[in-house]
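Worksheet for the structure shown next.
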Amino acid sequence: MVENRKTSILVIYTGGTIGMVQDQETGALKPFRFDNILQEVPELKKFGFNLSSYAFNPPLDSSNINPEAWVRIAAIIEQNYDNFNGFIVLHGTDTMAYSASALSFMLENLAKPVIFTGSQLPIGSLRTDAKENLISSLEIAAALKGGEPVVPEVGIFFENRLYRGTRTTKNNTEDFNAFVSGNYPALAESGVHIRYNYSAIRYDNKKLPLIVHKELNSNLIILKLFPGISRNMVESVFQLQGLRAVIMETFGAGNAPDQEWFITCVKEALGRGILIMNVTQCNTGSVEMGLYETSRLLSEAGVIGGRDITTEAAVTKLMYLTAVSNDNNWIAKHLAISLRGEMTD
Ligand code: ASP
């Protein structure tokens, strides 16, 4: 049974649609003051939690979220880690999967819930999905079993599912169900009850002290392949000044053109110490280098297979690893293993 004792939750409001209310006079959507959260959502009082909040000022549309914002969120969690049982991050949906992935890598040995949520409609609008998302996220962040948090990891709660942060992608701009986790089951589903998928939740590491990594290296790029991509464009990308890593979004199970110019370009970049990670353009399934001739050559050249990692997790994992070390062998070794449940071992 999941016990819900009186508990303390910190709500970190970064911005996004969720935090908007309709101005009584103009009808326009505007951010509301988060210290008034209990006024906006009086239902929250029923929890009986100690609820504290921290609001970004100004709130950010999540298209403006960047590594500095992630460092800010991580620092707030670090400063308040011992005083709260769990954390809610209210965030725009557009880049939520990147942020949840980034925080997963930044918060090593996390042993408390960090639940990202947001909404497709503002909290002040009549048909809003915000209240339900917020209320269920709070319940999840507070849930204990045997005195320990039920979900000691970074998750995204949306509509009726809790997904692992590093496994999630936004795939719908219209439905309330905005996210998918194509390669990993939901950690929880909410219906009449919140049903936890205990075997999918990570319970390792919880005895080690939290380590917060605040350095991220964003000198990387996503190169999405398409039929007809030109030599000139590919060469230009690999020649970018300061480039440290390329996330190459390939076709199907990790396939790319096998024309000589393309492979030469890849080899030349690898020779200059640029890391290249192969991730698939598909939402579900895995990169399997060597399955086809068109990926065997990449593998032989030294491209690192990302298996079933999402692009969002690949980007943030590389940002994290390339900031921790300059040693390509060490980085390649850590790219090939799951650090925060981001890929299937
Ligand atoms: N543009 C908004 C954002 O990501 C959309 C949302 O919140 O859903 O901040």
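Taking interchain pairs and intrachain pairs at least six residues apart, which have beta carbon atoms under 9 angstrom, with the first residue in the stretch 53-69 and in contact (Cβ under 8 Å) with a residue 12 or more places away in the chain and the second of a type in the set (Phe, Trp, Tyr) and within 14 Å of the ligand (Cβ to nearest atom)?
The qualifying pairs are 53/13; 54/13; 55/13; 56/13; 59/13; 62/98; 65/98; 69/56.
Are any residues in the stretch 94-130 more than 15 Å from the ligand (Cβ to nearest atom), within 21 Å of residue 39 (Cα to Cα) and touching a residue at least 12 places away in the same chain (Cβ under 8 Å), and if so, which ones?
The answer is none; no residue qualifies.
Take the conditions out of contact with any His (no Cβ under 7 Å at 6 or more places or on another chain), assigned to a loop (DSSP other than H, G, I, E, B) and among the polar types (S, T, N, Q) and apply them to residue 299. Does it pass? Give the steps one after another, and end with the answer.
Working: out of contact with any His (no Cβ under 7 Å at 6 or more places or on another chain): yes; assigned to a loop (DSSP other than H, G, I, E, B): no; among the polar types (S, T, N, Q): yes.
In short, no.
Only one residue in 9, 73, 77 is aliphatic (A, V, I, L, M), within 16 Å of the ligand (Cβ to nearest atom) and at pLDDT 80 or above, so which one is that?
Of the residues listed, the single one that is aliphatic (A, V, I, L, M), within 16 Å of the ligand (Cβ to nearest atom) and at pLDDT 80 or above is 73.
Quick check: is even one residue across the stretch 148-169 surrounded by fewer than 24 Cβ atoms within 10 Å (Cβ to Cβ), of a type outside the set (Phe, Trp, Tyr) and within 16 Å of the ligand (Cβ to nearest atom)?
Yes, some residue in the stretch 148-169 is surrounded by fewer than 24 Cβ atoms within 10 Å (Cβ to Cβ), of a type outside the set (Phe, Trp, Tyr) and within 16 Å of the ligand (Cβ to nearest atom).
Conditions tested, residue by residue: (1) part of a loop (DSSP other than H, G, I, E, B); (2) out of contact with any helix residue (DSSP H, G or I) (no Cβ under 8 Å at 6 or more places or on another chain); (3) modelled with pLDDT of 95 or more.
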{"residue": "313", "(1), (2), (3)": "no, no, yes"}
{"residue": "318", "(1), (2), (3)": "no, no, yes"}
{"residue": "326", "(1), (2), (3)": "yes, yes, yes"}
{"residue": "329", "(1), (2), (3)": "no, yes, yes"}
{"residue": "334", "(1), (2), (3)": "no, no, yes"}
{"residue": "338", "(1), (2), (3)": "yes, yes, yes"}
{"residue": "342", "(1), (2), (3)": "yes, no, yes"}
{"residue": "345", "(1), (2), (3)": "yes, yes, no"}
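The values are calculated or read from the model by the stated rules, or taken from the named source; none is laboratory data. Worth saying up front: this structure is predicted, and the values here are computed from it rather than measured. With ideal geometry, Cβ positions are generated from the backbone for all residues, glycine too; neighbour counts draw on all protein chains shown.
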